[in-house]
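Peer 1: Pasting in a structure now, in structure tokens, and then I'll have a few things to ask.
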Amino acid sequence: MDEDDRRPLFEGVTVAIIPDERIEADFDAILSAIETNGGKYVPLRVPDQQIDKIATISHIISNHIDFPQYNEAIERGISIVKPSWVEQSLKRSKLAGPRQHSPDPSQYFQDVVVSFAEIPEGDKDAIVAGVLALGGQYSSPLTRFVTHLVTLDMGHNKCSIAQDKVRTCKIVLPHWFDVCLKLGKLIREEPYMFPDPPLLRFASSKPSNSESPHIQGAITAIPSGTPSKTALDSPPPSPSNARKNLNAFMGRKIKLSEDLELSSHMTETLDSLINHGGGVLTNNIHEADLYIGKYRDGSDYVTAARAGKEVANLSWLYHVINRNKYTNPVSKLLHYPVPRNGIPGFENMRISISNYNGDARVYLENLITHCGAQFTKTMKQDNTHLITAHTHSEKCEAAQEWNINMINHLWIEESYAKCAVQSLTNPRYTTFPSQSHLGEVCGQTMLDMTKVEQIYYPKRRASPHNSGRASKAKALDILHHQADDIALYQREMKRKGGVTHGVRRSSRAEDFSDHSDGETQYQPSKTTKKPKHHALESPELLPIKYRMMVTGDDRWLGKPKDEDVAKFQLRKLGIQLTQNVGEVDILVAPKILRTRKFVAALASAPLVVHTKYLDTALKQGKLMEIPPILQDRDTEERLGFRLKDALERARLNQHQLFRGWPIFVTKDAPGGYDTFREIIELNGGDVYLYQGRTGLTLPKPLKRQDATATREGQSQGDEDSSDHVYLVSGTSEAEVKLWKAFHSLAERQAVKARIVKTDWLLNAAMSQRVVWDEKWMLSEELLVSQRDR
């Protein structure tokens, strides 16, 4: 096609531009680029500075989402893009994709262009998938547009070029992306940046305090005092200058709810300030286009919300008056009316806070209260949750000892945003990145208005503007284009160790062996290069019949491609490989092992088979009809139980072997506290970390007569065994010092105590029955006698 025959680049594009300080300098250049290349520009209405004839708009150019018609634009399927979209389209001579130029804060990689220098392919694929799915871009060559170069070694040629010629490019460890993807937030790069990443120097040190800029003006839903008039003292803009100095309430009618319980003096003050900002108060909810209320109830609230009017609270009103700048009330959790009776499920929670400071701490205290939980300044054993920015504090140590749920602020934010208590098993809420203070991302969570609508104003009446059909169509279109990226990203996130696990796999085999287990971890196939072919594989797969875990077998060690092939072969047979010990149906091992995964998996009473079972499935493409149970007489004789009998007891126990048993474990117990916590919890016990803290209240063992008659009781030993509090310990000097304190604590509280070797716990979990033998007892006297022999 000849140059003269080409259609103008922006033909069919109609734009509106939302002004701000950053866009102002380039306004004329943006407008000229659009109009000279076939596009149309619709100026904002002069009276209220809103978009006129929004139905005709195809693109809104804005650096943010804080403009009144944002929600309506999304529902209509209008693309909202930053000015960079225009620039990129011109450079490529074709319209750029809007996703990589979205100002939506949820697309937190929107300003990231990533390139790589010698990292494992699996990690690279995972990072690329996450970046693309969250608004960023990938560049194989190192160009001047690359913002982040990912590497493990500064000696690579790309790193030298970046330092010399691409000064704006940040050279980072892949761990930075791993943490961002786990949290779902963009954290600072500094701890992960070359030439000397602090992460590699101070892996376990306490992160320095961090500011929380995103909660400014939104730390409370119930403000005190009156807003400042200073920001509104400048005169209203002239019509010819309307796109500059946007007035906050220009042309808007505002309804103040009666539930605000404002005095006449305060109402007059707000009336004056709103008038000064170009707005007017009204008592008629049907005339209003902005509703200010305290709670998410009442006829006026429901009417306003269902009609698609702007809904906010008094804190938002003060914030806008003080800044003389509109913000989206749903972008801050405490700028929207609060639930009058909290959120179901929080009623009996007692929540404390650690390591958040200043405004962030006040903000979280208010969130806890509005959720319906009780905030406690100090933490005691009856606390249920501890919200912390990192794990370095006395409260965090106590929370581990007292078995208190320890999570970051994202749990309380997202519970409030989604109007429901979020699961504590979500790894987002238990991620505490080394050298990063999570206060820096506090306040970024937005309200989930879909959930708010479902609960507080359901059955919204259909109308041309608010039916949601356009937004659903737009969402389907976006999902269609993002599906491959998101699918790979989600698969990669399920890998143990996140996107940086491949580094260890490729370099040091011993790092991913689990207590000499040799078991493999899931490595995804490289589907980003040909994502469309991946989608064609799905029809061949049978529904998942069994979940298999392989342990003690190193056939895939350092061979991720072989593992991917095997995984696909097994899926065609209805088998899914898993690393979740709580859902294992088939456990594959060369022999009986005393490893974390093998021991923990036995609680699920799986079929335990030899690795030959896996060999047959992969070589012959079919499963044995009657697979034999793993045979290992030597180990059975040495450990004193029969595997067949143990699995039968596990079926009867139903994960309740340790039900009612309080079991303490030292931090340095051989095998690790986390190992024994998983084993104990999978068998129904209560586990506590013991570090010698004074003032600890020991939980009482569940008396037999208090318990319901259950089959697991047959496996719980005699009454004397179950009438004790146990401390599982090693024999290091630090652990031995704890023994006397544990016995003294038990005596003061009239509780029987036993300090035992890890063998006691492992034997019970493997045999699926609790028996007592003096050989498992630990005491200083026994240690001395053993040393004297």
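Each reported figure results from applying straightforward, stated rules to the coordinates on display, with no laboratory input. From a predicted model like this one, the values you see are computed outputs, not experimental measurements. Neighbour counts are summed over all protein chains in view; Cβ atoms, including those assigned to glycine, are modelled from backbone coordinates with ideal geometry.
Peer 1: From the cross-link list Lys182/Lys418; Lys206/Lys332; Lys255/Lys294; Lys40/Lys253, which pairs have alpha carbons spaced over 22 Å apart? Show your work: numbers first, answer last.
Peer 2: Numbers: Lys182/Lys418 19 Å; Lys206/Lys332 29 Å; Lys255/Lys294 12 Å; Lys40/Lys253 30 Å.
Over 22 Å apart, Cα to Cα: Lys206/Lys332; Lys40/Lys253.
Peer 1: What is the local net charge at Pro223, summed over the other residues whose Cβ is closer than 14 Å to its Cβ (Lys, Arg +1; Asp, Glu -1)?
Peer 2: Details: positive: Lys294, Arg323, Lys332; negative: Glu261, Asp359.
Local charge sum for Pro223: +1.
Peer 1: Right, another one. Long-range amide H contacts for Ile80: which residues qualify at under 5 Å (H placed 1.01 Å from N, peptide plane, sequence gap of 5 or more or a different chain)?
Peer 2: Those qualifying (amide H under 5 Å, at least 5 residues apart or on another chain) are Ile60.
Peer 1: Per 0.36 nm of contour for each residue apart, how much would the distance between Ile222 and Ala55 grow if the chain were fully extended, relative to their Cα-Cα spacing? Walk me through the numbers before you get to the answer.
Peer 2: Details: separation 167, 0.36 × 167 = 60.12 nm, distance 3.66 nm.
Result for the pair: 56.5 nm of gain on full extension.
Peer 1: Determine, from the Cβ-Cβ distance of Ser272 and Asp153 and an R0 of 51 Å, the FRET efficiency 1/(1 + (r/R0)^6), rounded to the nearest 0.05. Intermediate results must be reported in sequence, preceding the final value.
Peer 2: On the way: r = 64 Å, r/R0 = 1.25.
With a Förster radius of 51 Å, E is 0.20.
Peer 1: Over the range 21-113, what is the relative contact order in percent, taking alpha-carbon pairs closer than 8 angstrom and at least six residues apart? All intermediate terms of the calculation are to be shown ahead of the outcome.
Peer 2: Working: 87 pairs, mean separation 19.8, N = 93.
So the answer I get is 21 percent.
Peer 1: Continuing with this model, one more query. For Ser140, Ser744, Ser102, what's the fewest-to-most ordering of other Cβ within 10 Å of each Cβ?
Peer 2: Numbers: Ser140 9, Ser744 12, Ser102 21.
Final ranking by Cβ density, sparse to dense: Ser140, Ser744, Ser102.
Peer 1: Here's another thing I want to ask about it. Rounded to the nearest 0.05, what FRET efficiency do Ser139 and Arg651 have when you use their Cβ-Cβ distance and R0 = 56 Å? Please report the intermediate quantities before stating the final value.
Peer 2: Working: r = 55 Å, r/R0 = 0.98.
Efficiency for this residue pair is about 0.55.
Peer 1: For the range 11-63, what are Rg and Dmax over the alpha carbons, in angstrom?
Peer 2: Cα radius of gyration and Dmax of the range 11-63 are 10.8, 29 Å respectively.
Peer 1: For the range 3-101, state the average projected area of the convex hull of the C-alpha atoms over all orientations, rounded to one decimal in nm². Each step should come with its number before you reach the end.
Peer 2: On the way: hull surface 26.0 nm².
Convex hull of Cα atoms, orientation-averaged projection: 6.5 nm².
Peer 1: Of the listed pairs Lys94/Lys185; Lys124/Lys622; Lys91/Lys165; Lys591/Lys619; Lys561/Lys597, which have alpha-carbon separations greater than 28 Å here? Write down the numbers at each step before the final one.
Peer 2: Numbers: Lys94/Lys185 31 Å; Lys124/Lys622 34 Å; Lys91/Lys165 21 Å; Lys591/Lys619 21 Å; Lys561/Lys597 23 Å.
Beyond 28 Å between Cα atoms: Lys94/Lys185; Lys124/Lys622.
Peer 1: Run the numbers for Arg22 and Asn284: contour at 0.36 nm per residue of separation, minus the present Cα-Cα distance, in nm. Intermediate values should be presented prior to the final figure.
Peer 2: Numbers: separation 262, 0.36 × 262 = 94.32 nm, distance 3.74 nm.
Full-extension gain reported as 90.6 nm.
Peer 1: Report the FRET efficiency, 1/(1 + (r/R0)^6), for Leu262 and Thr14, where r is their Cβ-Cβ distance and R0 is 41 Å, rounded to 0.05.
Peer 2: Working from the Cβ atoms, E equals 0.45.
Peer 1: May I ask you to list the trypsin sites (Lys or Arg not before Pro) in the range 18-77 that are in a DSSP loop and have at most 13 other Cβ atoms within 10 Å of their Cβ?
Peer 2: Details: sites: Arg22, Lys40, Arg45, Lys53, Arg76; in loops: Arg45, Lys53, Arg76.
Filter output for the range 18-77: Lys53.
Peer 1: Calculate the dipole size of the range 350-456 relative to its Cα centre from +1 charges on Lys and Arg beta carbons and -1 charges on Asp and Glu beta carbons; express the result in debye to the nearest 20. Show your work: numbers first, answer last.
Peer 2: Values: 8 positive and 11 negative charges, 29 e Å.
Here the range 350-456 has a charge dipole of around 140 debye.
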